Amino acid sequence: MGIKRGLKVLAVSALSLGLLAGCNSSGGSEGSNGGGGSGKVIKIATQTPLSGGSATLGESIKLGAQLALEENKKKFEDLGYKLQLQPYDDQADPKKGVANAQLIGSDKSILGVVGHLNSGVSIPSSEVYEKYKVPMVSPANTATEVTDRGLKTVNRIVARDDFQGPAGADFAINKLGAKKIFVIQDKTAYGTGLADAFKEAAEEAGAEILGYEGITVGEKDFNGVLTQVLSKKPDLVFFGGLYTEGGQLIRQARDKGIKIPFMGGDGMDSSTLVEIAGDSVKDVYYTSVAADASKSTEGKDFSSKYKEKFNKNVESYSAYGYDSMSVLLKGLETAIEGSDGDLPAREKVAEEIRKIQDFQGVVTKVEFDDIGDNKFAKVYIYKFSEAKYPGVQEGEISK
Amino acid sequence: MLAEILQSLPQVLVDGIALGAIYAVIALGYTMVYGILELINFAHGEIFMTGAFIGVAMLILMTGMGWLAAMPAILALILVLVVTSILTGFMGVGIERMAYRPLRNSPKLITLISAIGVSFLLQDLVRFITEYKRGNYILTGPSMFNEQFSIKFSSISSSFSDAFFKTSTMILIIAVVIMMIGLDFFVNKTKWGMAMRAVAQDRETASLMSINVNKVISLTFFIGSALGGATGVLFAVQYGTIDPYIGFILGLKAFTAAVLGGIGNIRGAMAGGLMLGILEMFAAANLQLLTGGIFGAEYKDVFAFAILIVVLIFKPEGLFGKAVTEKV
């Protein structure tokens, strides 16, 4: 979400990048903690927000990654290496993310990064990773730009933003049986992009688009557009936008007696939506790139392991943190084997991670395409059947 | 095409009048202050927003203490309306005293900038307090007056469809009508109203006629802000959710409505508000039909403002403004 913010972030990071790069060329610190008798140390970094508003999610990714790392420790000791986790706090702030990325880049014993939570942080930071050839596996970034730049080190295991629309259309037409659809968007880059992708996919699948209308962010009265919905009688309304307008739209639609299902993207994935719409939120669907871990047996096992170890409940991205770390370590292992037990170069690790095939994680299968997107990434459909957040997972759509 | 427009017309009118009523009362605040001081009080939209927050805070508090369940909802609403309008009224007086009166003799532009400053201050103050108390600046009030009604237009003629609305829409429209009639009566029939009109016509001469100009100006701000605050409460009840930025767009449109009706003219503001609301709603519902799908509902503001420009080209003083006329 938030291309606008992404741009701002890019500008800021370009600046700070220049600054930091200047500092570093003279410094060039050696990763000297590698010594000692008990084999060489390999560090894997995590970069997520550990403080601030999204600390809960950031922490859960870190803990998921930590769990995977600890489970793999034994294997790497047999190979003669000591694995260590090096958590960084990016504070959900691109500037901090880039600064940390510089530290990571200059610490030669770090061979990979699991992160970030925010696409806005991930995009500038990964420029630094690319410079130092540090491979990154992202558990949560959905912005298309993350992989579209074609960086060799950047991979992600979740779906891309531009797959949400088609996935939503697939579900709406094949599962909900919608034939006549009304599309509303909020005129932002995110909302229009999502709505356009949905519309295109829905038309291709044979649904009729009865209307395609825009609303203005910040307004509260959407009755005009809803009057159109009322008179055209569609069987589904798709909304491309965020929860503030979404909640209001749903509420006013229900007040007008429009009882058909509503659908939206991950911009609707918020407890505030439920707060705004109240009971009207029933029969609202939204797409999300995160699976409900409790739906599969592997997921349940993971949840109980996680709970036992950290005494915390899993969050939506915990398992993705775990899977990201597992993928990264798998690549590292292959790279070590490939270099006959010597410490592999970072490029080599990055190459091996990109080459991974058919890796079965806890919540997702992983295989990267040539720009680092996961071929098996899925989009999950959630439904509110009562005024309670989060909704219930109703289905999953794969590419 | 015409049949389809006719079909949805009842619904468009009901929604348009509800939205237009809100514009109209906020426009009153702009027009009264302009009439008397020739100042565009840009903080007025924020006073409306603050009123909405005070109202919702009171409703939440009353729900928490169980009062809301104990008394009839309409009584609770009247209580909240009265308290909120008194609070925002005094707030308006305070703003005038602190931010405008010291600048009264300086160039008009200075006061205007001061008004914009006050508007930002209020916005962020409300956001800060709400975020501090609730952790989220988007506030949702208890849901009230949610019963749905429909007017059976279809029984008049089958070319109309029924119009749906909520009790709160009805309450909103009735309350706004009462406020407007009350204000009109006050300005035209009472002694204080006469003083206000006198100050609007000529401040210095009025002061020579033993009118306390400062008091009259304070009173104008009190009434304008009280009406704005009360509308805020009605808005919050009608739409359920409010945030600190609702005053901006609404204030802008209400100001436009005031200009459309002829700024400085109270009846003009009422008519301008209603007209803008209905035009906007009509455009949102029918623009696609009218233009054959080229322009969608997102161009509703363009449509409404294009009409505004046309009106102002032919009648620069606004619909109800006369070249030389009593203001306020």
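Tabulated results
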read-out: Distance from the range B:111-187 to the range A:195-232 (C-alpha centre basis), Å; value: 25 Å
read-out: Spacing of the two label points (7 Å from each Cα toward its C-beta) at residue B:143 and residue B:69, in nm; value: 1.8 nm
read-out: Radius, Kirkwood style, for the range B:2-314 when every pair of distinct Cα atoms is counted (Å); value: 20.4 Å
read-out: Sequence-distant residues sharing a close amide H with residue A:236 (under 5 Å, placed H); value: A:180, A:182
read-out: Options A:267, B:231, B:294, ranked by Cα towards positive dipole end of the protein assembly as shown, top entry (Cβ charges); value: B:231
read-out: Inter-label distance for residue B:202 and residue A:360, nm, one decimal - labels placed 7 Å from Cα along Cα-to-Cβ; value: 9.5 nm
read-out: Percent antiparallel among DSSP beta bridges (both partners in chain A, rounded to 5); value: 30 percent
read-out: At least 27 Å along the helix axis (C-alpha) and Kyte average at least -1.0, DSSP helices within chain B; value: B:2-37, B:44-64, B:73-95, B:108-134, B:167-189, B:213-239, B:266-290
read-out: Sequence of A:323, B:162, A:186 once ranked by neighbouring C-beta atoms within 10 Å, starting from the fewest; value: B:162, A:186, A:323
read-out: Highest to lowest packing among A:271-278, B:136-143, B:271-278, B:154-161, scored as the average C-beta count within 10 Å; value: B:271-278, A:271-278, B:136-143, B:154-161
read-out: Average projected area [Cα convex hull, chain A], square nanometres; value: 19.4 nm²
read-out: The range A:236-287 and the range A:327-399: distance between their alpha carbon centers, rounded to Å; value: 31 Å
read-out: Efficiency of FRET from Cβ geometry, residue B:132 and residue A:259, R₀ 45 Å, rounded to 0.05; value: 0.70
read-out: Hits among lysines - C-alpha to C-alpha of residue A:199 under 19 Å, sequence gap 8 or more where chains match; value: A:175, A:179, A:180, A:187, A:232, A:233, A:399
read-out: Stokes-Einstein D for the protein assembly as shown, Kirkwood Rh over Cα pairs, 4 °C, 1.567 mPa s (µm²/s); value: 45 µm²/s
read-out: Simple Cβ-charge dipole of the protein assembly as shown, Lys/Arg +1 and Asp/Glu -1, about Cα centre, in debye nearest 20; value: 1820 debye
read-out: Set A:62/A:295; A:220/B:253; A:73/A:131; A:73/A:355 screened for pairs whose C-alpha atoms are more than 24 Å apart; value: A:73/A:131
read-out: Eligible aspartates and glutamates near residue A:74 by straight Cα distance, threshold 15 Å, same-chain separation 8 or greater; value: A:333
read-out: Efficiency of FRET between residue A:209 and residue B:120 - r from beta-carbon atoms, R0 56 angstrom, step 0.05; value: 0.85
read-out: Relative intensity, log₁₀ I(q)/I(0), of the range A:120-208 from a Debye sum that treats every alpha carbon as a point, q = 0.13 Å⁻¹; value: -0.54
read-out: Anchor residue B:215: lysines whose Cα lies under 21 Å away (excluding residues fewer than 8 positions away in-chain); value: B:108, B:189, B:191, B:327
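A short reminder: the numbers here are calculations on the coordinates, not readings from a lab. In this text the structure is predicted, and so the values were computed from the model without any measurement. All Cβ positions, even for glycine, are placed from backbone atoms using ideal geometry, and neighbour counts span all protein chains on display.
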